[in-house]
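Everything below concerns the one structure shown next.
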Amino acid sequence: MRKRLVIICPGRGSYTRETSGYLAVSSKLAKDHISWMDDQRKSVKMSTLTDLDTQPFKAKIHMIGENASPLIYACSLSDFLSINNEKYEIVAITGNSMGWYIALALGQALNKENAYHLIQTMGSLSSRNLHGGQIIYPIIDDNWQVDKEREKMVLDKVKKRNAFISIYLGGYLIIGGEQNTLDELLKELPTIDKYPLQLPFHSAFHTPIMENISRLSFSKIPYSFFQKPNIPLIDGRGNIWSPFSTDIKELYNYTLGYQVKKTYNFTSSINVAIKEFCPDKIVLLGPGNTLGGSIGQIIIQSKWLDVTSKTNFVDLQKTDPFLISMDIKKQRNLVCR
């Protein structure tokens, strides 16, 4: 009997200097489609994904939306195709922020070609219409328990400054807003290690500030791109899109409307994934492992597998990892062909 997997797709910020070259290592099974994507980019005089992945990392090149988004998609697709389907059954797919678009592709709510066009279009729109930004800030203690007083303090400051919670990310809040608002919050939020930290090359994703991006996306991405998924998808509200009951029009409107302009609750997505689908493992696709800590914190908040602290989680990961990160070779080998 095959073991059950939930797949988690990463978002923007996961392709970094440390993951440069990831595609070259992982792309064997996705070679034909990566070549197709390279041809699409050549046709509009853009650097190919293959060239970007093999050249020295430069933040101003590799982290802008029009390059980062399709690079991350290609890496995640390659990892997804390497999973051993004879040993494992994929029972649901979710993701963080841009990872929702990748989830749509892997769950076949978009075919690979249309998924590329969606991801390339949304990445380019955000890059060319950079508006506002995002700050990341922790709301947990050293044991990865949520500090309710700190959380309330942050939420109060966000409300006072007319900023927005962009993403609930386990033990972190991603705050979106206009740059002058973020500048004030960067001064006001108490320093904890390296935080508050503004995320580079990020617009105010998942806030009303993205209204214009949403409107433009509807004009550029046709409804005909979308279809019912073959695998259940969990969106940024924790809603499940089933192969049997998905309303394609609602999926289209959510993806280009609500999902762009409203808070993305990654915490809720993971909670639903583990409680509704009871997987044997959850698999975080590459590039990178930037979501690993956040996923661990959500597991702790849920007390899943009786994990209630950072120490519990680390011990579990050492002995019989529940979270498989494809960026960690030892863990990757557990689920690959």
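The values are calculated or read from the model by the stated rules, or taken from the named source; none is laboratory data. All of these numbers come straight from a predicted model, not from anything done at the bench. Every residue, glycine among them, receives a Cβ derived from its backbone with ideal geometry; neighbour counts consider all protein chains shown. The area values use the complete protein model at the heavy-atom level, side chains included, leaving out ligands, DNA and RNA. Shrake-Rupley method; radii C 1.70, N 1.55, O 1.52, S 1.80 Å.
A few points about this structure:
- Among the residues of the stretch 42-83, those that are among the polar types (S, T, N, Q) and open to solvent by less than 30 Å² (accessible area, probe 1.4 Å) comprise 48, 67, 69, 76, 78, 82.
- Checking each residue in the stretch 114-134 for being of a type in the set (A, V, I, L, M) and under 16 Å from the mean Cα position of the chain (by Cα) picks out 115, 118, 119, 122.
- Boolean, residue 267 is farther than 13 Å from residue 170 by Cβ and either of a type outside the set (Val, Ile, Thr) or at pLDDT 95 or above (or both): no
- Conditions (1) among the hydrophobic types (A, V, I, L, M, F, W, C); (2) more than 17 Å from residue 107 (Cα to Cα); (3) touching a Pro at 6+ places or on another chain (Cβ under 6 Å); number of the one not met by residue 213: (3)
- Top-ranked residue in the stretch 84-101 [being farther than 22 Å from residue 204 by Cβ and of a type outside the set (D, E, K, R); ranked as surrounded by the most Cβ atoms within 10 Å (Cβ to Cβ)]: 93
- Scan the stretch 287-303 for residues that are in a helix (DSSP H, G or I) and open to solvent by less than 60 Å² (accessible area, probe 1.4 Å) and the total you get is 10.
- Residue 307, sole failed condition from (1) closer than 24 Å to residue 120 by Cα; (2) open to solvent by less than 10 Å² (accessible area, probe 1.4 Å); (3) free of Cβ contacts under 8 Å to residues at least 40 places away in the same chain: (1)
- Looking only at the stretch 104-113, and only at residues there that are among the small types (Gly, Ala, Ser) and farther than 15 Å from residue 74 by Cβ, the one that is surrounded by the most Cβ atoms within 10 Å (Cβ to Cβ): 109
- Positions within the stretch 268-278 being surrounded by fewer than 23 Cβ atoms within 10 Å (Cβ to Cβ) and under 14 Å from the mean Cα position of the chain (by Cα), in sequence order: 268
- When the stretch 192-217 is filtered for residues that are within 19 Å of residue 118 (Cα to Cα) and loosely packed, with under 15 Cβ neighbours inside 10 Å, the ones remaining, listed by number, are 211, 212, 215.
- For the stretch 103-113, the candidate set comprises residues that are assigned to a helix (DSSP H, G or I) and more than 16 Å from the chain's Cα centre (by Cα); within that set, the residue that is modelled with the lowest pLDDT is 112.
- The helices (runs of 4 or more DSSP H) located wholly in the stretch 1-102 that include 3 or more residues which are under 23 Å from residue 254 (Cβ atoms) and out of contact with any Cys (no Cβ under 8 Å at 6 or more places or on another chain) occupy 65-81.
- Test for residue 116: is it of a type in the set (Ser, Thr, Tyr), part of a strand (DSSP E or B), open to solvent by less than 20 Å² (accessible area, probe 1.4 Å) and farther than 19 Å from residue 269 by Cα: no
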